[in-house]
Amino acid sequence: MSLPPLFNHLRLPAVASPMFIISNPKMVIEQCKAGIVGSFPALNARPQEKLGEWLTQIEEELDAYNQANPDAPAAPYAVNQIVHRSNSRLMEDLEVCVKHKVPIVITSLGAREEVNEVVHSYGGIVLHDIINNRFAKKAVEKGADGLIAVAAGAGGHAGVQSPLALIAEIREWFDGPLLLSGAISTGSSILAAQAMGADLGYIGSAFIASHEANADSDYKKMIVDCGAEDIIYTDRFTGVHGNYLIPSLVASGIDPRRVAHEDRKKMDFGKADSDDNESVKAWKSIWGSGQGIGSVKSIASVSEIVRRLAGEYESAKERLAAL
């Protein structure tokens with residue numbers, strides 16, 4: 001197993017996952033400067049015309065940082081594209097990514113060969129997130145360069161399989177870049193992901209409790225105060241199963257005990273630029289989170305979070321060496 005040269009400058013084997021509404025240019029820039037891949041969903045740039053502005057900001061600030069720090073350059077950045085057919089912005093957003101030659105594109109909710117070809121046309125790489133081995137094979141067949149295994153316990157839209165089983169099945173046939181998502185919130189869990197066969201950890205919820213995150217202060221506090229038992233797994237809000245903070249349901253007047261029996265929403269990214277979109281409304285008031293938040297003890301800067309993770313990662317390696 002070997003990662004593309006693009007990942008050579010990582011100071012910690014991790015990628016910050018793109019979080020709807022939460023991720024923004026400032027967060028991405030600080031993640032990359034700290035030495036992990038920073039990312040954001042293209043749909044976070046609203047209206048659509050802002051996507052180019054965001055990419056220019058990220059590129060200019062990282063270029064300036066790299067010139068000032070030639071011996072410790074920033075990690076690359078990534079843009080997440082929702083390739084579900086209801087995303088009416090997809091082709092416009094892809095054109096912007098081509099113009100800026102976005103180095104890494106993370107695709108979600110359906111593998112599409114034509115999307116991969118567009119990214120490959122300028123030398124970019126595609127990482128596709130999957131929740132089971134069948135979807136993993138389809139993604140690679142359609143040209144994905146790497147896979148993000150979204151296992152049980154991941155924040156937002158998540159799978160139900162154990163990371164032990166999911167990684168093992170994928171590694172039986174795939175030797176390309178493989179990331180693991182699912183309650184990765186400590187340095188030791190990043191090392192555990194590598195021990196299982198993944199190349200990189202994929203981290204989201206820990207960064208919600210960062211100063212740079214575009215999240216309500218109550219949301220950040222809830223991440224710090226809650227644990228795995230405070231999370232519910234349901235498809236009620238977007239039509240796709242995901243993990244959500246139970247206290248955010250209660251605060252919105254929703255009885256968690258009744259969620260499984262209510263009508264499901266239809267997945268629709270067709271009006272992503274409008275606050276009338278039910279999916280947008282859901283994420284604004286019903287807050288997603290992974291099960292690893294019990295390890296998040298305070299609100300901190302992105303650089304402080306990465307520093308903590310790196311320290312825990314090195315300590316975990318020392319503990320294993322002592323065995």
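What follows draws every value from the coordinates through simple rules; no lab data is involved. Since the model is a prediction, treat every value here as computed from it, not as a measurement. We place every Cβ from the backbone using ideal geometry, glycine too, and count neighbours over all the protein chains shown.
On the beta carbon distance between D216 and R258, with R0 = 30 Å, the FRET formula returns roughly 0.80. The label-point distance for Q57 and S162, in a model that sets each label 7 Å from Cα toward Cβ, rounds to 4.4 nm.
Just the Kirkwood number for the chain, please: inverse of mean 1/r across all distinct Cα pairs, in Å, one decimal. Averaging 1/r across every pair of different Cα atoms and inverting gives 19.7 Å. Any idea what diffusion coefficient segment 1-150 gets from Stokes-Einstein, in µm²/s, Kirkwood Rh on alpha carbon pairs, 37 °C, 0.692 mPa s? Once the numbers are plugged in, D ends up at 212 µm²/s.
Ranked by the mean number of other Cβ atoms within 10 Å per residue, highest first, peptides 2-14, 171-183 order as 171-183, 2-14.
Here R46 and L320 are evaluated by their C-beta separation; at R0 = 35 Å the FRET efficiency comes out at 0.20. When the chain is treated as a Gaussian network with alpha carbon springs shorter than 10 Å, the biggest mean-square fluctuation among L51, L249, L166 belongs to L249.
Taking a ≥ b ≥ c as the square roots of the Cα gyration tensor eigenvalues, with a/c under 1.5 meaning rounded and otherwise prolate when a/b beats b/c, else oblate, which class fits segment 190-258? In terms of gyration-tensor shape, oblate. Measuring between alpha carbons in the structure, the pairs from K142/K220; K33/K138; K137/K221; K33/K101; K137/K297; K33/K284 lying more than 31 angstrom apart are K142/K220; K33/K138; K137/K221; K137/K297. Once Rg and the Kirkwood radius are both taken over the C-alpha atoms of segment 116-229, their ratio Rg/Rh works out to 1.02.
Largest GNM mean-square fluctuation among V37, V115, V302, using the chain with Cα springs under 10 Å: V115.
Averaging the Cα positions of each part gives two centres, and for segment 20-51 and segment 301-323 these lie 25 Å apart. Within the listed set P73, P18, P41, the Gaussian network model of the chain (springs between alpha-carbon atoms below 10 Å) gives the highest mean-square fluctuation for P73.
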